[in-house]
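Everything below concerns the one structure shown next.
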Amino acid sequence: MNKTFTLTIDGQSVDAPQDSTIQQVLESINKPAPLICAHEATTPEGLCRQCVVEVEGWRVLAPSCVTKINEGMVIHTASERVIRSRRTILEMLNASVDLSEAPELQAQMDEFGADRERFPHAKTREQDVKDDNPFFVRDYEKCLMCWRCVQACGDDIQYTYSISVGGRGFESKISTFFDSPMPETSCVFCGNCVAVCPTNALKSKTEFFMEQGLDYDEIRQEKRAEKKKMGGGK
Amino acid sequence: MQEQSFNDFLREIAPQGRTMLLPALLEAQKEFGYISKEMATEIGNALKVPFADISGVIEFYSMLHSEPTAETIIRVCTSPSCSARGGRDVHQQILTELDLLKDGATADGKYFVEEAPCLGLCDKAPSALVDETALGSITPELLLNPQDNVRTEVYAKESVITGRIGEVDPFSLDDYLANEGFLSFPNAVQIGPEKMLDCMADSGILGRGGASFPTKMKWAGAAEAPGEQKYIVCNSDEAEPGTFKDRVILENDPFSVLEGMMIGGYAIGASKGFIYVRGEYPKVQKTFQAAIVSARAKGYLGENILGSSFDFDIELRSGAGAYICGEETALFESIEGKRGFPRLKPPFPTTHGLYQKPTVINNVETFANISLLFRIGVDAYRSYGTEKSSGPWLFSVSGDIAKPGIYEITNPTTLRELLEWAGGVKDGAALQTVLLGGAAGKFVHPDQLDVRLTQEDAHAAGLTLGSGAVVVLSENADLKQTLADLGHFFAHESCGKCYPCQLGTQRQAEILDRNLTGSVIEGDFTRLEDVGWTMTDASLCGLGQTAASAVLSAMEHFPEQFK
C-alpha cells in the first residue's frame, strides 16, 4: 500500500504514488500538461493528444491523462517533439473548427506559438446552426469532437443515448438517429451536454437569443412559442 | 416475403444482443440495398441498441448505406497498385458510360458506382468488385458483364506454407486430410499446452500481420490470464494496400488456418474462436464458412473434439468496409457491434480482449504457420528463414512487375533477388522505387535493393516489411499520383478518434493534392513534415502512427517530387 515510484521530470526527481497517471504527477508539481478533450465529469479517452509528453525509450509520445507511471520513468514535458505535436494539433484544429468562443484553446495557441493561418485553403467544418428545440442550439462548426456531450448523454451522466459519434475521419461528427431533430430523439433536455461543451458548439437558447439582440421579454415569448410547438407536435 | 424472412432472422439473433448489430446491418443492406430508418428502428428494438448508436455504426462502415443504392454495386479500386495501373481511368470511364458525374446510383436504379480502397486484388490491377464478383484487368465492358477472372499466381522455390495451394480442393476436408491435414492438432494435444508454448518459443515464430510480434508472448499471456472464458480471434481483415496473401491462403487452404485456430484454443483454454473477414472478401467468407461446416460435421469442431475433453467452435464475422478494423482492438469493438474505434492500450488483448476477456488475436498467415510448426516440428520449421525471422514468409508482389503474385521465401532473399525472381520491372523499364510494407510502409530507394527481406535486416536498414507488400513502381509511374493516392487512402480510412490522425490525414491529403496538381504553396514541405511527425508521434494507434510513414520516406529519398 501507498508505494511510490520515483521518476525524473525535466531533470527534477519526483516521488509519486504508483497508481498515478503522468498528468496527476505533473499536477502535483504544478506543471500540468495542456488538455482539450478531458473533463472531470467524463471518462478520459485520450482523444486530443494535447497532453502528450516524451518518455525516454518510448517510440511514440505518451498521453499524460491516461498513461500510468513506471518506476524510473524519465519524462520530458517540453522537448522539441512535444512542442511540435502540441503546436501542430492546435494549428490543424484551428484550421478546421471555429474556436472563437473557446478561450482556453486561444490561450493554448498563444502559449505554444501556434500560427492561426498555418493551413491555408484547408477544408473546414463550416455548416449551419441546428436550431430545432426550445432549450439549446447545436453550432457544429465550433465542435472539436471531444465526445464529452456523447459521454454525458450516455454512460457518464444521463443514460439517455440520444446522440452518438457519426461519420468517420475528418468527417466525424456528433449525430442523432438519421439526423432527427432533437425533440424526435430520446433527449430529455437535461442540459448536461451543454454544460460540458468546451467551445460553445452547444449553447443555451437564452444565450443564443441574447447574442441575436433579443431582450428578456422577447426571449420569453420566443421560448414559450417554441415549447408550445414542441408540445403540440406530440 | 423479403421483409418476412428478415424479421425471422432478426428474431433468431435477438437474444445475442448488440454483438449481432453488424451482421444484422449487413443482412439488411444485402436484402434491401440500404438500411432505411424503419429497418434500423426494428434492428435497434430487436438487439436493444440505442438508435443514435445505429446511425453511428452505419456511418462508420463504408459498405453500409442509409440511402438506397442500386441493383448492382460496382466498387473500383483506386489504391496505389491499381491507380498506378489505370484504375482511376477505368473509374472515370465507367462513370461516363453510365452517365454519372460522380460516385452514386444511376437514374434507373441499376448501378451504383463507388471508388474503393484496396480490394486485395493488386496482382490483377486494375481491379474491382461487382457485387460479390472479384475482377482483375478491368475494362468498362467487364464491369458491366462481370465474370470472376482472378487466379493469383503463387511462386515458391520450395512450397512449405503454400504447399496445398492449387493442389487441393479448398471445399474438401478429405483433400486436406489426404495432404497432411489435421496432423498438427493431435501432435499439439499430445504434448500439452505447456510444452506447446515451449515449442513456440523455441521456434521463434513471429506474427505475420505486420508488427512481427513474438506469437508465443501473446499465447503465454492469454494462457496465464485468469478467467474461464477466453477467445481465439483470427484477424482476416487484410486491407493493407498491396497485400493479398491472406486472401490467397483462405481461398485455397482454409483448413490450415482453421486447424491453427484450434491449436490456439487448446493452448490457451479457449472454447470459442472468431474469424473476422473483411467485407470486400466475399469469396473468402464463403470458402471459410464451408470449411467450418464440414469441420463441424466431421467432429473437428464442436464438443469433445476427436474424443478429447476439448470443446471448440469458430464463428465467422464479416467486416463492412473499414481498414481500421485490422487494428486488433478496433476489430474487437466491431465484433461487439460498435464503431471500429481502436482502444487505449494498456490493457492488452491477452488480458482484456474481445468482450474484455483474455484473447489471442493473430493474423491468417500466423495461424497457417502454427499449423505448419506443429506438423513439422521446431527443427524443420527453423530450417526455413533466419534465426530471428524463422519459417517461411509470404510476400505480395504487385505494381509494375512482370510476374505479380504471391512469393514464398524460405531462404534469405534480398529485395533485388525477389524482383528478379518476379521477372523484373514490367516491359523492361527501369525501377523508380518500391513501396515496401504497404501504405503503412516506406518507399525504398533503388540503392537499398540489397536489403535481405528479414525482420532484422529490414529494421537495420530503417525499413519495415509490414505485411509483406511489395508494390513496384517503374520510372514511368507518377510518384506524385501515388503519394496523393496514399493521402486519400488514409484520409478515407482514419477512424476519427484521435485528433492528430483525424485532422492530420485530411491536411496531409490536401497538401499532397496540391503537390500533384502543381499548386504547391510556400511552406508546404515543412507543413507536411509537421503534420507527418505529429501523426507519427502523437496518434493513438498504429494507423495514425504510420499514416505518414510512406510520405516521410518519399520526402527523404525523393525531395525533388515535392517541388
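The values are calculated or read from the model by the stated rules, or taken from the named source; none is laboratory data. These numbers were taken from a predicted model, which means no experiment stands behind them. Cβ sites come from the backbone with ideal geometry, for glycine too, and all protein chains shown count toward neighbours. Ligands, DNA and RNA are excluded from the accessible area calculation, which covers all protein heavy atoms including side chains. Shrake-Rupley method; radii C 1.70, N 1.55, O 1.52, S 1.80 Å.
Run through every distinct alpha carbon pair of segment A:60-119 and return the Kirkwood hydrodynamic radius in angstroms, one decimal place.
13.0
For the protein assembly as shown, give the percent of accessible area contributed by carbon and sulfur heavy atoms, probe 1.4 Å, rounded to a whole number. C and S atoms contribute 49 percent here. Per residue of A:122-134, other chain Cβ atoms within 10 Å of the residue Cβ number 1 on average. Which residues in segment A:150-180 place their backbone N less than 19 Å from a point set 7 Å from the Cα of B:Ser36 along the Cα-to-Cβ direction? Output list for this probe position: A:177-180.
By the rule of a C-alpha distance below 20 Å, with chain neighbours fewer than 8 residues away ignored, the lysines paired with B:Lys388 are B:Lys216, B:Lys218. Applying both filters, DSSP loop and at most 15 other Cβ atoms within 10 Å, to the GluC sites (Glu not before Pro) of segment A:1-60 gives A:Glu40, A:Glu56. Scoring B:231-237, A:63-69 by mean Cβ neighbours within 10 Å over their residues and listing the highest first yields B:231-237, A:63-69. Buried accessible surface for the B/A chain pair comes to about 4100 Å², total over both chains, computed with a 1.4 Å probe.
Taking every C-alpha pair closer than 8 Å and separated by at least 6 residues, the mean separation divided by the residue count of chain A gives a relative contact order of 16 percent. Placing a label point 7 Å from the Cα of B:Glu315 along the Cα-to-Cβ line, the residues of segment B:2-31 whose backbone N sits under 12 Å from it are B:13-24.
Peptides B:58-71, A:70-83, B:504-517, ordered by how many other C-beta atoms sit within 10 Å of their residues on average, highest first, read B:504-517, B:58-71, A:70-83.
Simple spin-label estimate for B:Asp174 and B:Gln561 gives 5.3 nm between the two label positions (7 Å along the Cα-to-Cβ direction from each Cα).
Dividing the alpha-carbon radius of gyration of segment A:1-123 by the rule-of-thumb value 2.2 N^0.38 Å gives 1.13. Need the C-alpha centroid separation for segment B:293-357 versus segment A:105-174, integer Å. Result: 34 Å between the Cα centres.
Taking 7 Å steps out from each Cα toward its Cβ at B:Ser137 and B:Leu183 produces label points 3.8 nm apart. Less than 5 angstrom separates the built amide H of B:Tyr111 from those of B:Glu71, B:Thr72, B:Thr106, all sequence-distant by 5 or more or on a different chain. Taken residue by residue and averaged, Cβ atoms of other chains lying within 10 Å of the Cβ of B:537-548 number 4. Between A:Gly166 and A:Lys173, A:Ile174, A:Ser175, the built amide H atoms are under 5 Å apart, and every one of these is 5 or more places off in sequence or on another chain. At an R0 of 60 angstrom, the distance between the Cβ atoms of B:Arg151 and A:Glu101 translates into a FRET efficiency of 0.50. Above 30 Å, the calculated P(r) of chain A contains 37 percent of its Cα-Cα pairs. Restricting segment B:1-107 to trypsin sites (Lys or Arg not before Pro) that sit in a DSSP loop and have at most 16 other Cβ atoms within 10 Å of their own Cβ leaves B:Lys48, B:Lys102.
For chain A, the number of Lys pairs with C-alpha atoms closer than 22 Å, counting only pairs eight or more positions apart or on separate chains, is 28. Taking amide H atoms as placed 1.01 Å from N in the peptide plane, the amide H of B:Ala469 lies under 5 Å from those of B:Ser396, B:Gly437, B:Gly438, each 5 or more residues away in sequence or on another chain.
With K and R counted +1 and D and E -1, the other residues having a Cβ less than 9 Å from that of A:Arg138 yield a net charge of -1. Bridging of B:Lys426 to lysines at a Cα separation below 27 Å is possible for B:Lys124, B:Lys157, B:Lys245, B:Lys403, B:Lys442, B:Lys480, once same-chain residues fewer than 8 apart are set aside. Normalised by the number of residues in segment A:1-123, the average gap of Cα pairs under 8 Å and 6 or more apart makes the relative contact order 23 percent.
The share of C-alpha pairs in segment B:85-174 whose separation exceeds 22 Å stands at 40 percent.
Under the shape rule built on the C-alpha gyration tensor, where the axes satisfy a ≥ b ≥ c, segment B:2-60 is oblate, since a/c reaches at least 1.5 while a/b does not exceed b/c. For B:Lys563, go through the aspartates and glutamates and keep the ones whose alpha-carbon is under 13 Å away, minus same-chain ones fewer than eight residues off. Within the straight-line limit of under 13 Å, B:Lys563 reaches these aspartates and glutamates: B:Asp513, B:Glu522, B:Asp524.
In deg cm²/dmol, rounded to 500, what helix-only [θ] at 222 nm does chain B give when every DSSP H run of at least 4 residues adds -39500 (n - 2.57) and the total is split over its residues?
On the way: 23 runs with 243 residues, N = 563.
Only helices count here, giving -13000 deg cm²/dmol.
Taking every C-alpha pair closer than 8 Å and separated by at least 6 residues, the mean separation divided by the residue count of segment B:393-474 gives a relative contact order of 38 percent. Averaged over the residues of peptide B:334-343, the number of Cβ atoms from other protein chains lying within 10 Å of each residue's Cβ is 1. Placing dummy labels 7 Å off each Cα toward the beta-carbon, the span from A:Thr8 to B:Asp89 is 6.0 nm.
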